[in-house]
Ligand SMILES: N[C@@H](CCC(=O)N[C@@H](CS)C(=O)NCC(=O)O)C(=O)O
C-alpha cells in the first residue's frame with residue numbers, strides 16, 4: 001500500500017452512533033468533554049467552519065491529545081463566506097484560530113499553544129524549546145514560498161518557475177527531516 005487510503009478503506013473507519021462530545025475526535029462537535037462535565041470547560045476554540053485551516057487544526061489536535069475540555073465556535077473563512085460580525089468584534093482581523101480563556105482572547109497559533117502549555121502543561125516539548133526553532137522557521141519558510149508561488153501571482157514579478165522551484169526546495173527540507181524521524185505514519 002502506498003499509504004493513501006481509498007474511499008473503501010475509509011469506510012471501514014465509519015463509526016455508528018458517534019458520540020460527538022465524549023467519543024473519538026470529530027469535526028461535528030461543538031463541545032468536547034472527554035468524560036468531564038460542562039462546568040469544567042474553560043477553553044473556547046474559534047475555528048473555521050469546514051475544518052480547512054491548518055493553524056486551527058494545530059490547536060484542535062493539541063486540545064484533543066491533551067484531553068482538555070473545550071467548546072467550539074465555528075467561523076466562516078473569507079474564501080467561502082462572510083465573517084460573523086460578533087467574531088470581528090472579538091478579533092478585528094477575522095483571522096483563525098483564536099481561543100478564549102476566562103474572558104481573555106488569544107490569537108496566533110504559536111501564542112495560543114504557548115498560552116495553553118502555560119495553563120495545562122506541554123504535550124511533549126514546549127513550543128518555545130530551542131530544538132524546535134529550526135522546524136518552526138521552516139514552517140514559516142514553506143508557508144511563504146507556497147504563498148509566493150500560488151497566492152501572489154498578480155503582484156509578483158519573479159518568474160513562476162523560479163517561485164515553484166523555491167517552494168520545492170523548502171518542502172524538500174521538510175522531507176529530509178521527516179525521512180530522518182523515527183516516527184512512522186504507516
Ligand atoms: N500566523 C497565523 C496564521 C493564521 C492564518 O493565516 N489563518 C487563516 C486561515 S488558514 C485565516 O484565518 N485567514 C482568514 C480567513 O481565511 O478567513 C497563526 O499561526 O495563527
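In this label model, residue 136 and residue 39 are separated by 3.7 nm, measuring between points 7 Å along each Cα→Cβ vector. With neighbour counts taken as other beta-carbon atoms within 10 Å, the residues 16, 139, 119 rank, fewest first, as 16, 119, 139. Note on 142, 177, 75, 4: ascending count of other Cβ atoms within 10 Å places them as 4, 177, 142, 75, the fewest first. Compared with the dominant principal axis of the Cα atoms in the chain, helix 133-150 is inclined by about 70°. The value of relative contact order for the chain, using C-alpha pairs under 8 Å at least six residues apart, is 15 percent.
Going by alpha carbons, how many degrees (0 to 90, nearest 10) lie between the helix axis of 54-66 and the longest principal axis of the chain? Its long axis makes an angle of about 40 degrees.
Estimated from helices alone, the mean residue ellipticity of the chain at 222 nm is -12500 deg cm²/dmol (sum of -39500 (n - 2.57) over DSSP H runs with n ≥ 4, per residue).
As a proxy for reagent exposure, 182, 102 were ordered by neighbouring Cβ count within 10 angstrom, fewest first; the result is 182, 102.
Taken together, the values in this text are just the output of simple stated rules run on the coordinates, not laboratory data. For clarity, every value in this text was computed on a predicted model and none was experimentally measured. Glycine gets a Cβ as well: all are built from the backbone with ideal geometry, and neighbour counts include every protein chain shown.
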